[in-house]
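A.B. asks: I'd like to ask some things about the structure below.
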Amino acid sequence: MRIFDPHIHMTSRTTDDYEAMYAAGVRAVVEPAFWLGQPRTSPASFFDYFDALLGWEPFRAAQYGIAHHCTLALNPKEANDPRCTPVLDELPRYLVKDSVVAVGEIGYDAMTPAEDTALAAQLQLAADHGLPALVHTPHRDKLAGLHRTLDVVRESALPVERTLLDHLNETTVAAAADSGCWLGFSVYPDTKMDTDRMVTVLRTFGTERILVNSAADWGRSDPLKTREVADAMLAAGFTDDDVDRVLWRNPVAFYGLSGRLRLDVPAPDALHEGNSVLRGGE
């Protein structure tokens, strides 16, 4: 079984997670830029973070046989902080990097006017750079947030078929499916979607244009949820081909729209900028 986790925050995880993910069948990941967990106080902290997603994290993933790509953006939560919004002016120099396969996470947190502005601006950046967009639908007022998101997407220069609506659930999936966008579901231990509910959604809506991710980060989350969903699909009567479509071919198709997806993992270098993943000697 081969698995592509299309939304996981590996900078928050340990090397043990990379080992366990590889053993579970994970061979590729996309890591979206997101909120740090506490407020960033200047654009410079974003740029160091972006550099880590472009350099250190792919190096670390390669040590464990996993291809790593990223999406870069000013995230919705920090779009409300005037100290952070200058990031929008600097994003173009990062969006040309080879391992950037989308603009993201963009979208809504609290559905403020500042978030409207940032979302529209970054959809335009995606269109300008020939990239798809990973859109974060809000955790609160989800259906209203989805409709507001779709309004902005439809007004943008980015086609709906190059847009992935993430963090969907049963309240938003029908409208999202009707929109023509790609559909993303985050499977968590306690919140968002769980494994059984995800299988029910797949039974109802099929396997086309659906991506399943763990969105694992620094909170209570599980980087093996993709494998759990795959096993649950098989137990529920889905075929191996169905599983491969949802857990591999769909994310490959969506992020392949960037023209930058590289799924081969070259022999890893021993060092990245003079540093290794080793501690305490060989």
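A.B. asks: Work out, step by step, the length gained on full extension between residue 93 and residue 252: first 0.36 nm times the residue separation, then minus their alpha carbon distance; give nm to one decimal. Present the calculation step by step, with values, prior to reporting the outcome.
C.D. replies: Details: separation 159, 0.36 × 159 = 57.24 nm, distance 2.46 nm.
Gain on extension, residue 93 to residue 252, equals 54.8 nm.
A.B. asks: Test of understanding: extend the Cα→C-beta vector of residue 197 to 7 Å, then name every residue of region 132-170 with backbone N under 19 Å from that spot.
C.D. replies: So the set is 136-147, 165-170.
A.B. asks: Taking N as the number of residues in region 1-83, what value does Rg over Cα atoms divided by 2.2 N^0.38 Å take?
C.D. replies: Numbers: Rg = 13.7 Å, N = 83, 2.2 N^0.38 = 11.8 Å.
Compared with the compact-globule rule of thumb, region 1-83 sits at 1.17.
A.B. asks: Also: Let me know the charge dipole size of the chain about its Cα centre in debye, to the nearest 20, where only the beta-carbon of Lys, Arg (+1) and Asp, Glu (-1) is charged. Mind showing how you got there, number by number?
C.D. replies: On the way: 26 positive and 41 negative charges, 38 e Å.
The dipole of the chain has a size of about 180 debye.
A.B. asks: Could you give the length gained on full extension between residue 141 and residue 267, defined as 0.36 nm per residue of separation minus the Cα-Cα distance, in nm? Before the final figure, lay out the partial values.
C.D. replies: Values: separation 126, 0.36 × 126 = 45.36 nm, distance 4.57 nm.
Difference between extended and current length: 40.8 nm.
A.B. asks: Moving to a separate point now. Given that compact globular proteins tend to follow 2.2 N^0.38 Å, what is the ratio of the alpha-carbon Rg of the chain to that value? Display every interim value, and only then the final one.
C.D. replies: On the way: Rg = 17.8 Å, N = 282, 2.2 N^0.38 = 18.8 Å.
Here the Cα radius of gyration is 0.95 times the empirical estimate.
A.B. asks: Restricting the count to DSSP beta bridges whose residues both fall in the chain, what percent are antiparallel, rounded to a multiple of 5?
C.D. replies: On the way: 2 of 27 bridges.
About 5 percent, rounded to the nearest 5.
A.B. asks: Show me, for region 63-78, the HN-Hα J-couplings you get by feeding each phi into the Karplus relation (A = 6.51, B = -1.76, C = 1.60, θ = phi - 60°), rounded to Hz, glycine and proline as x.
C.D. replies: 4, 10, x, 10, 7, 10, 10, 9, 10, 10, 5, 8, 6, x, 4, 7
A.B. asks: Return, ordered by residue number, the residues of region 231-269 whose backbone nitrogen is under 18 Å from a label point located 7 Å along Cα→Cβ of residue 1.
C.D. replies: Once the point is set 7 Å along Cα→Cβ of residue 1, 231-252 turn out to lie under 18 Å by backbone N, inside region 231-269.
A.B. asks: Continuing with the same structure: Enumerate the calculated ³J(HN,Hα) couplings along region 47-59 in order (Karplus 6.51 cos²θ - 1.76 cosθ + 1.60, θ = phi - 60°), each rounded to whole Hz, writing x wherever the residue is Gly or Pro.
C.D. replies: Once θ is set to phi - 60°, the couplings for region 47-59 become 5, 4, 5, 4, 4, 5, 5, 8, x, 4, 5, x, 4 Hz.
A.B. asks: Grab the other residues whose beta carbon is less than 12 angstrom from that of residue 229, score K and R as +1, D and E as -1, and report the net. Could the numbers behind the result be given before it?
C.D. replies: Values: positive: 197, 225, 227; negative: 5, 194, 196, 222, 228, 231, 242.
Net local charge, residue 229 excluded: -4.
A.B. asks: Taking just the alpha-carbon atoms of region 188-279, what radius of gyration and Dmax come out, in angstrom?
C.D. replies: Taking only Cα atoms of region 188-279, I get Rg and Dmax of 16.4, 51 Å.
A.B. asks: Report the calculated FRET efficiency for residue 239 and residue 204 (r = Cβ-Cβ distance, R0 = 22 Å), to the nearest 0.05.
C.D. replies: Once the sixth-power term is evaluated, E becomes 0.80.
A.B. asks: Please list, in order along region 7-16, the HN-Hα scalar couplings obtained from phi with the Karplus expression 6.51 cos²θ - 1.76 cosθ + 1.60 (θ = phi - 60°), rounded to whole Hz, x for Gly and Pro.
C.D. replies: 7, 8, 9, 5, 4, 8, 10, 9, 5, 4
All of the numbers you see were taken from the coordinates with simple rules; none came from a lab. If you're wondering where the values come from, they're calculated on a predicted model, not measured in any experiment. Every residue, glycine among them, receives a Cβ derived from its backbone with ideal geometry; neighbour counts consider all protein chains shown.
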